[in-house]
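A.B. asks: This is the structure I have questions about; it appears just below.
What follows draws every value from the coordinates through simple rules; no lab data is involved. This structure is a prediction, so every number in the text was calculated from the model and none was measured. Heads up, the Cβs are rebuilt from the backbone with ideal geometry, glycines too, and the neighbour counts pull from every protein chain shown.
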């Protein structure tokens, strides 16, 4: 029994060390902590990760966004939707991935806007994947509207996303 308590205490200490590194560490430690906190699965990290979305370094903020998606807490949705507007493509990409992980329908419209209008192909392709993961009629409609997209890479991502949605529906 004491072994379990000791293991729990060590895990707790590690968690708080990661939070401290996220908030006060060097750039290298902050981005590693942002990534590690997503893997830990502890929802107490949601608040500090939301704060890290505004880190001055994109290395930290985009990984914080991805980690929020792994944690899946809807509290992060409005913050990630706001990050979709960021000028840096990596932040928009992280926000899309994070929102896909959470799967909240509130994200469908802003992600659909990115799919249609973002200047970066990588962001648009990830937006198509995200819509298929979130699912629902609005996401499907947004993807359907993009089936004839000029950009071959984006069009391919849209068609794959629609196929994935179709497969997911047939499994239910």
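A.B. asks: Simple spin-label model, 7 Å along Cα-to-Cβ: residue 58 to residue 75 in nm?
C.D. replies: That separation, rounded to one decimal, is 2.9 nm.
A.B. asks: Testing the spin-label approximation: label points 7 Å from Cα along Cα→Cβ at residue 167 and residue 12. State their distance in nm.
C.D. replies: 4.3
A.B. asks: Something else: What number, in nm² with one decimal, is the all-direction average of the projected area of the convex hull of the alpha-carbon atoms of region 1-102?
C.D. replies: 6.1
A.B. asks: Next question, about the same structure. Using only Cα atoms, find the angle between the long axis of helix 27-40 and the longest principal axis of the chain, and express it within 0 to 90 degrees, rounded to the nearest 10.
C.D. replies: Once rounded, the angle reads 80 degrees.
A.B. asks: Between residue 119 and residue 51, 0.36 nm times their residue separation minus their Cα-Cα distance comes to what?
C.D. replies: Going from the current span to full extension adds 21.8 nm.
A.B. asks: For residue 156 and residue 5, calculate 0.36 nm times their separation in residues minus their Cα-Cα distance, and state this gained length in nm to one decimal.
C.D. replies: The span from residue 156 to residue 5 would gain 49.2 nm if fully extended.
A.B. asks: Another question about this same structure. Give the angle, between 0 and 90 degrees and rounded to the nearest 10, that separates the Cα long axis of helix 2-24 from the longest principal axis of the Cα atoms of the chain.
C.D. replies: Rounded to the nearest ten degrees, it is 60.
A.B. asks: Working out 0.36 nm times the residue gap between residue 20 and residue 43, then minus their Cα-Cα distance, what length gain in nm do you get to one decimal?
C.D. replies: 6.7 nm is the gain from fully extending residue 20 to residue 43.
A.B. asks: To the nearest Å, what is the center-to-center distance of region 95-172 and region 43-58, using C-alpha atoms only?
C.D. replies: Taking the Cα centre of region 43-58 as reference, the centre of region 95-172 is 25 Å away.
A.B. asks: Here's a follow-up. Taking Cα atoms, how many degrees apart are the long axis of helix 89-102 and the longest axis of the chain, rounded to 10 and kept between 0 and 90?
C.D. replies: Helix 89-102 sits at roughly 80 degrees to that axis.
A.B. asks: Next question. Could you order peptides 18-29, 127-138 by the average number of other Cβ atoms within 10 Å of their residues, highest first?
C.D. replies: Top to bottom by mean Cβ count within 10 Å: 127-138, 18-29.
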